[in-house]
Every structure is written in structure tokens, then in C-alpha cells.
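Peer 1: Just dropping this structure here.
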């Protein structure tokens, strides 16, 4: 009986996060009401507050799920690359490609810093992306292309640079053109870092 309640609770939470992602992705945080999320999820108000104390807490859960999904997509895109440098370039490219998705733009790049704050936003990046990036940079350091003692610093620099490039894409009138420029700029930055 307890297992059934637990499973229903998980299912309800998942439905709320999915409905929140859909609503926040379409309308933004400010443009989304609790009533709209409840309507999309087909769930009563009490069930929402059983899982989340506020709309902001639900947004945080939506953001974390989106960041985790993006990290998985980036890892999958980079998996077939030939060597650590190609892996790094493919991962950066995949992140910039994901920045063209309107829902991810709104949730992860536009609303996240204002709703959850810069510290939490960066914490999620570190939690879901930094480990893989460090591992890739360690592999590059083993080839002698970068100093091993700078791996952590370079990992933070790369995340910050690619995120900022994605923000430039989001703000651009012509996002496709900005996306191509961002890819070239990030490649040039990596060329400089790697001495290519």
C-alpha cells in the first residue's frame, strides 16, 4: 500500500514538472500561473503544494530536469567523437545547438538567473556538466595540450564562455546567424586554449 502511494506521488510530481516545463517554456515564469500548470497537469492545487511549496520551487525542479536533460544530450552528441579534443568541440557545439530551442532558451537562459539566482543557476551547471567537462579536459591534459593543474579553471571558463555565447544567440534578432557566429567564436577560443 505504501509503495502504491509512493508511486502515485512520484507520478504526480513528474506530471507537475512536465506541465511546468511546457508552460514555463511557452509563457515564461512570469507569464505562467499556478492555475495553468494545474490545468495542464490535470492535478488539484493541494497536490501541487504537497510536492512544491511555491511556483519558484516548481520552476527550480523544471530547471534542474532541463539542465540534466541538456547535459545528457550534450554527452550523447559528443560520445562518438574521435579523441578528447573532438569530444570537447562536439560538446560545445551540441550545447549551442540546444540554445536554439525556444523552451530551453526561456527556462535555462532567460528565466533561470532571475528566478533561482545566479548561484543556483551555476550550481546546476556544475552538478550536471562540470564533471564530464573536467574529465574531457583531463584527457586533453594527458596529451600535453593544456597544463593539468589548470583543468578545473579551464572547465569553469569554458562553461561560462559557452553559456555567454548561448545568451548572445538568444538575444540576437537573427538567432541562426548568431548561432553560426557563436560556433566559430567558441572554436576560435578552443583553438587558442589548445594551441591549435
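Peer 1: Go through region 143-174 and count every residue that is surrounded by fewer than 17 Cβ atoms within 10 Å (Cβ to Cβ) and either touching a residue at least 40 places away in the same chain (Cβ under 8 Å) or touching a strand residue (DSSP E or B) at 6+ places or on another chain (Cβ under 9 Å) (or both).
Peer 2: Looking only at that region, the number is 3.
Peer 1: Still on this model: Mind checking which pairs have a first residue in region 30-41 that is on the phi < 0 side of the Ramachandran plot and a second that is exposed (fewer than 12 other Cβ atoms within 10 Å of the Cβ) and at pLDDT below 95, Cβ under 8 Å, 6 or more apart or different chains?
Peer 2: Taking only residues 6 or more apart or on different chains, the pairs are 34/45; 38/44; 38/45.
Peer 1: I'd like the full set of residues that are under 21 Å from the mean Cα position of the chain (by Cα) and closer than 15 Å to residue 155 by Cβ, limited to region 76-88.
Peer 2: 78, 87, 88
Peer 1: I would also like to ask the following. Of all residues in region 11-36, which are within 19 Å of residue 105 (Cα to Cα) and part of a helix (DSSP H, G or I)?
Peer 2: If the condition is that a residue be within 19 Å of residue 105 (Cα to Cα) and part of a helix (DSSP H, G or I), then 17, 18, 19, 20, 21, 22, 23, 24, 25, 26, 27 are the ones that fit.
Peer 1: How many residues are buried (at least 17 other Cβ atoms within 10 Å of the Cβ) and closer than 21 Å to residue 117 by Cβ when one looks only at region 38-54?
Peer 2: So the count comes out to 1.
The values are calculated or read from the model by the stated rules, or taken from the named source; none is laboratory data. Only a predicted model underlies this, so the values are computations on that prediction, with no experimental measurement involved. Virtual Cβ from ideal backbone geometry, glycine too; neighbours counted across all protein chains shown.
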